[in-house]
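The structure appears below as structure tokens.
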Amino acid sequence: MCIRDRPGLFQYPGAKYAGNISIADIGIPPDAINEVNPNGRLIDSRAVADFLPERPADGHKGTFGKLMIISGSAGMSGSGTLAARAAFKTGSGLVYLAVPKSLAFIYNVAVPEAITLQMQDDDGIITSDNLEALKYISNTMDVAVIGPGLSTKPQVSNWVGNFVAECRKPIVIDADALNIIAKQPHILLERKAPTVITPHPGEFSRLTGLPVEDIQKNRIDEALGFSSKYNVTVVLKGAGTVIANPNGEYFVNPTGHPGMAVAGSGDVLAGIIGSLIGQGVNHEKACAAGVFIHGRCGEILAGLNSGQSGFLAGELCGLIPEAAAEIVKNAQASTGDGRWIAFE
């Protein structure tokens, strides 16, 4: 018996053997646990509901955030499309897609709601000719997402680090941008604004130089170590996604489904997190809320599909409003103090 949840119940391989987990009241008040200031917490619907931004009746599209997504290369236009759709479905008022000029027509059709920023390109690859423009435009935004489908070719890798270092707004670094930054992680220390990175274990292996097997054995500590060293919020994706913050706090996400392990799922998550930050949610809370909503979308989709596979990332996008509304409804119906469930 434990007086609170243990991290190993929600991290594999331990989670495989945990079964159904219930928290029973044995007479110890929540404040007694909170007084010891636990640094690890399990995300729940009550906390997420508190984080979600309000929608004032007199709001307009500018009220709900301006998000720029720097994305795309030949054959990879779907990544930015998914991120943009996810951002809109999460509530963004304005989404700008900075994409290769030669591919802009694809985005205009796929996401007509987005504003396309046509970047000079070399055979479908955004080049360094756009660096100053990208820095200028990003600083008129509320948040930037960089990396989905961007490519790691030299035409891109020679400017991404400079952009990341000099962008003065919050930034979410994903996918190809992470693989580029992995060769120069010191760039992260030059950031002045909040920074979120969203690696899967393979990308985190490239960032840290550690084997994937070692990372998976100690996901929480490895994420915390990198977060502290480079002053970034780490969203280490996977079953039981870990969110690690530079102050030593970490959160574990209990939602999700194995059917979500498909191409494009991470692009959807980047769009959700970027959208929440753009709407004014603190970046650490945006990560917690984002992964919880993303995982809940997968659970809902599993119920609709009645199966373990056959998921499409685009289907997750369409379920974001439903998942968010359900989370708020469940939070209102639940009892308790409405705070994080602290790990023992």
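The values are calculated or read from the model by the stated rules, or taken from the named source; none is laboratory data. Note that the coordinates shown come from a computational prediction; the quantities given were computed from them, not determined experimentally. Cβ coordinates were reconstructed from backbone atoms using ideal geometry, including for glycine residues, and neighbour counts include every protein chain displayed.
Just to verify a result, which residue in region 55-70, among those that are more than 13 Å from Val268 (Cβ to Cβ) and touching a residue at least 60 places away in the same chain (Cβ under 8 Å), is surrounded by the most Cβ atoms within 10 Å (Cβ to Cβ)? By that ranking, first place goes to Leu67.
Can you confirm whether region 60-75 contains a residue that is within 18 Å of the chain's Cα centre (by Cα), part of a strand (DSSP E or B) and charged (D, E, K, R)? Yes, the conditions are met somewhere in region 60-75. Taking region 90-101 as the range and being outside any loop (DSSP other than H, G, I, E, B) and surrounded by fewer than 23 Cβ atoms within 10 Å (Cβ to Cβ) as the test, the residues that pass are Leu94, Tyr96, Lys101. Within the bounds of region 79-92, is there any residue that is in contact (Cβ under 8 Å) with a residue 60 or more places away in the chain, under 19 Å from Cys167 (Cα atoms) and of a type outside the set (Ser, Thr, Tyr)? Within region 79-92, none of the residues are in contact (Cβ under 8 Å) with a residue 60 or more places away in the chain, under 19 Å from Cys167 (Cα atoms) and of a type outside the set (Ser, Thr, Tyr). Among the residues of region 108-125, the ones that are surrounded by fewer than 19 Cβ atoms within 10 Å (Cβ to Cβ), assigned to a loop (DSSP other than H, G, I, E, B) and of a type in the set (Val, Ile, Thr) come to 0 in all.
Going through (1) within 24 Å of Gly124 (Cα to Cα); (2) surrounded by fewer than 21 Cβ atoms within 10 Å (Cβ to Cβ) one by one, Glu190 falls short only on (1).
Residues being among the hydroxyl-bearing types (Ser, Thr, Tyr) and modelled with pLDDT of 95 or more are represented in region 254-262 by at least one member.
Of the set (1) more than 19 Å from the chain's Cα centre (by Cα); (2) polar (S, T, N, Q); (3) closer than 22 Å to Ser275 by Cα, all apply to Thr90 but (1).
Scanning region 193-234 for residues that are in contact (Cβ under 8 Å) with a residue 60 or more places away in the chain and part of a loop (DSSP other than H, G, I, E, B), we see that the one that is farthest from Gly280 (Cα to Cα) is His200. With respect to Gly266, determine if the residue is outside any loop (DSSP other than H, G, I, E, B) and surrounded by fewer than 24 Cβ atoms within 10 Å (Cβ to Cβ). It is false that Gly266 is outside any loop (DSSP other than H, G, I, E, B) and surrounded by fewer than 24 Cβ atoms within 10 Å (Cβ to Cβ).
Filtering Ala87, Ala74, Ala49, Ala83 for residues that are under 27 Å from Ala325 (Cβ atoms), in contact with an Asp or Glu (Cβ under 8 Å, 6 or more places away or on another chain), at pLDDT 60 or above and of a type in the set (A, V, I, L, M) leaves a single hit, Ala83.
Here the condition is being surrounded by fewer than 18 Cβ atoms within 10 Å (Cβ to Cβ), at pLDDT 95 or above, small (Gly, Ala, Ser) and part of a helix (DSSP H, G or I); of Ala288, Ala325, it holds for Ala325 alone. Inside region 242-263, can you point out the residues that are surrounded by fewer than 21 Cβ atoms within 10 Å (Cβ to Cβ) and part of a helix (DSSP H, G or I)? Selection gives Pro258, Gly259. Within region 292-321, being hydrophobic (A, V, I, L, M, F, W, C) and in a helix (DSSP H, G or I) holds for Phe292, Ile293, Cys297, Ile300, Leu301, Ala302, Leu304, Ala313, Leu316, Cys317, Leu319, Ile320. Of all positions in region 135-143, at least one carries a residue that is buried (at least 24 other Cβ atoms within 10 Å of the Cβ), touching a Lys or Arg at 6+ places or on another chain (Cβ under 8 Å) and either assigned to a strand (DSSP E or B) or of a type in the set (Lys, Arg) (or both). Just the residues that are within 28 Å of Arg206 (Cβ to Cβ), within 23 Å of the chain's Cα centre (by Cα) and of a type in the set (S, T, N, Q), please, taken from region 110-143. Matches in region 110-143: Ser138 only.
Taken together, the residues in region 144-175 that are touching a residue at least 60 places away in the same chain (Cβ under 8 Å) and either under 20 Å from Gly202 (Cβ atoms) or in a loop (DSSP other than H, G, I, E, B) (or both) amount to 13. Quick check: anything in region 194-213 among the aromatic types (Phe, Trp, Tyr), under 30 Å from Phe311 (Cα atoms), touching a Pro at 6+ places or on another chain (Cβ under 9 Å) and at pLDDT 95 or above? The answer is no; no qualifying residue exists. Within region 261-275, residues that are closer than 12 Å to Gly80 by Cβ have Cβ atoms under 8 Å from residues that are in a helix (DSSP H, G or I) and of a type in the set (S, T, N, Q) in these pairs: Gly264/Ser79; Asp267/Ser79; Gly271/Thr90, counting only partners at least 6 apart in sequence or on another chain.
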